[in-house]
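Input: a single structure, listed below in C-alpha cells.
Just so it is clear, none of the values below were taken in a lab; they were calculated from the coordinates. Everything numeric in this text was worked out from a predicted model, so none of it was measured. So basically every Cβ, Gly included, is an ideal-geometry build from the backbone, and we count neighbours across all protein chains shown.
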Amino acid sequence: MIEKLVAYFADNYNDLFDKMIECDHGEAGRLNPYHEEGSVWNHTKMVLDAVQDKNDLDVLVSALLHDIGKVYAREVKGDKVCFFGHAGISTFYAIDIVEDIKKNLSGFEWIDVAKILNMINIHDIFFINKTNLSAKDLASKLSGYGSDFVNKLIMLASADNRGRICKNRVDEIDFIEYSNEVLDRVLMSELIKEYGENDYKRNGNNVAIVMVGLPYSGKSTYIQGMSNSNDYAVISRDDIVMSLANGESYNNAWVKVDQQKVNRQLDINLRSAVNNNKNLIIDMTNLSAKSRRGKINMLSDDYAKHAWVFYVGMSELKRRMDIRKDKVINNDVILGMMKQYTIPMFDEFDSISFLYGDGSFQMVNNF
C-alpha cells in the first residue's frame, strides 16, 4: 500500500512532491544534526518505511503528510535551518489531500480524516513533552481521543523517530517505556469511563462552546445557522471591532481601532456573561493552547467546556478569501495563524468536536 499511496501522491501533487524533494533540512552543504538524511522527502520515505503496521492506512497517510508544512515553514537563521510551526501548516494543507485520497484512491475509502489530521498536528508530542510532562499528565491531555487514536499516534511518532539519521534521536527503549505508560493510562481511563466511576465529562449548569479555526473557516456562519443560537451569548472580537468602527469597513476598522481597547471590551463582555450565568459561544480563531487558556480561565467551574474545531481545505479557504472583499487578511497572516495551531486537549475541554465541510458542515468526529 505504501507504493500505491506514494505513486498517487507523486502523480496528483507533483508540485508539492517536487518541493519536498528540494526542501533540505540543511543549508549550504551543512547537515542538520536532527536530519542528516537531507531532504524532507528523504525523511518522509524513511518514516513510511519505519511504520510498524503497514496495514494501518491512517498511520501511513499521516506519515506521508506529517511534514508537508516544512515546505512553507523553512527559514534559515544564521547557520541553522528552522521549521517553526510546520505541524500546524501541515495539518491545514493536508485537509484537501486526505479527503482526495479517501474519495479517489482504491483501498483507502475507510481512512479517518479528522484522526489523520490530528495525528499530523501532534506527531511530535511525545518528544516535545517527554522532558517536562509525566506520562500521567500527557495521558490526561489525550485520554478523550481514545486508545485507538493514541496507539496510532505512538506508531507515527516511533516511525518519525526512527525515520531519520540523527546522532541524538530519542532512545527507542525510553520511547517505548514512556509511550506504553501513556497508552496504559488512556486505556484505564476508558475502562473507568465505561463503568461510570469518574466525572470524565462534568455536567455543568452552563455550557461554553469555544470555536477553533482559521479566518474564513465558517465559524460565524455556522453560529448563525444554529436553531438555538439565541440561547447563547456570543463573544466575538470581530463584533467588538465593528462596534467601534464608526461605519468603517472591517478592513479600515482593523487598522484604525485601538486593539487594546478591543481586548479590554472582550474581557468585560466575557466576564459579564459568566457573572450572569449565560451559556457562551466564544467566536474567535482560538488556534493555540495559550490563546484558548486566557478565555477558559475566565470561566467558572459551573461551565461544561466544549471545543468545536473547523477543518476547511485550502482550496475552499482560498475561494472564500477571494470573494470576501469586506474582510481581507493576507496569506502571510493566515500562514502565521496556521503555525500557532495545536489541537484542543482534554485538560482544556470536556468534549471536542471536529467539523468538516465546504459549505454545510457535518460533525466528523465527536469525542
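If contacts are Cα pairs under 8 angstrom and at least 6 residues apart, what is the relative contact order of region 48-124 in percent? Please report the intermediate quantities before stating the final value.
Values: 93 pairs, mean separation 25.1, N = 77.
So the answer I get is 33 percent.
The lysines within cross-link reach of Lys4, meaning a Cα-to-Cα straight distance under 28 Å and a gap of 8 or more places when in the same chain, are Lys19, Lys45, Lys54, Lys70, Lys102, Lys103, Lys115, Lys152.
At R0 = 22 Å, how high is the FRET efficiency between Ser300 and Asn230 if r is their beta carbon distance? Nearest 0.05 is fine. Don't skip to the answer; put the middle values down first.
Working: r = 22 Å, r/R0 = 1.01.
So, using R0 = 22 Å, E works out to roughly 0.50.
Restriction of the chymotrypsin sites (Phe, Trp or Tyr not before Pro) in region 91-171 to DSSP coil positions whose beta-carbon has at most 14 other beta-carbons within 10 angstrom yields Trp110. Counted by neighbouring Cβ atoms within 10 Å, the residues Ser106, Ser189, Ser90 run from fewest to most as Ser106, Ser189, Ser90.
Working from Cα pairs under 8 Å separated by at least six residues, relative contact order for region 153-287 is 32 percent. Taking a ≥ b ≥ c as the square roots of the eigenvalues of the Cα gyration tensor, region 2-194 is oblate, since a/c reaches 1.5 or more and a/b is not larger than b/c. Once you reduce region 126-176 and region 312-335 to the center of their Cα atoms, the two points are 34 Å from each other.
Could you line up Val150, Val61, Val6 from fewest to most neighbouring Cβ atoms inside 10 Å? The partial results should precede the final answer.
On the way: Val150 21, Val61 28, Val6 17.
Arranged by neighbour count, lowest to highest, Val150, Val61, Val6 become Val6, Val150, Val61.
Along the positive direction of the dipole of the chain (beta-carbon charges: Lys, Arg +1; Asp, Glu -1; about the Cα centre), which of Val309, Pro215, Gly163 reaches farthest? Result: Pro215, furthest along the dipole toward the positive end.
Assuming 0.36 nm per residue, please report the length gained on full extension of the stretch Ser134 to Val255 beyond their Cα-Cα distance. Display every interim value, and only then the final one.
Working: separation 121, 0.36 × 121 = 43.56 nm, distance 4.40 nm.
Gain on extension, Ser134 to Val255, equals 39.2 nm.
For the chain, the longest principal axis of the alpha carbon atoms and the long axis of helix 331-340 meet at an angle near 80°. Could you let me know the centre-to-centre spacing of region 224-239 and region 1-53, using Cα atoms, in angstrom? Cα centroid of region 224-239 versus Cα centroid of region 1-53: 44 Å apart.
Express the relative contact order of region 2-194 as a whole percentage, based on alpha carbon pairs under 8 Å and six or more residues apart in sequence. The partial results should precede the final answer.
Working: 263 pairs, mean separation 46.7, N = 193.
That works out to 24 percent.
Relative to the longest principal axis of the Cα atoms of the chain, helix 314-323 runs at roughly 40 degrees.
By counting other Cβ atoms within 10 Å of each Cβ, how are Leu244, Leu191, Leu5 ranked from fewest to most? Could the numbers behind the result be given before it?
Values: Leu244 14, Leu191 11, Leu5 19.
Lowest count first: Leu191, Leu244, Leu5.
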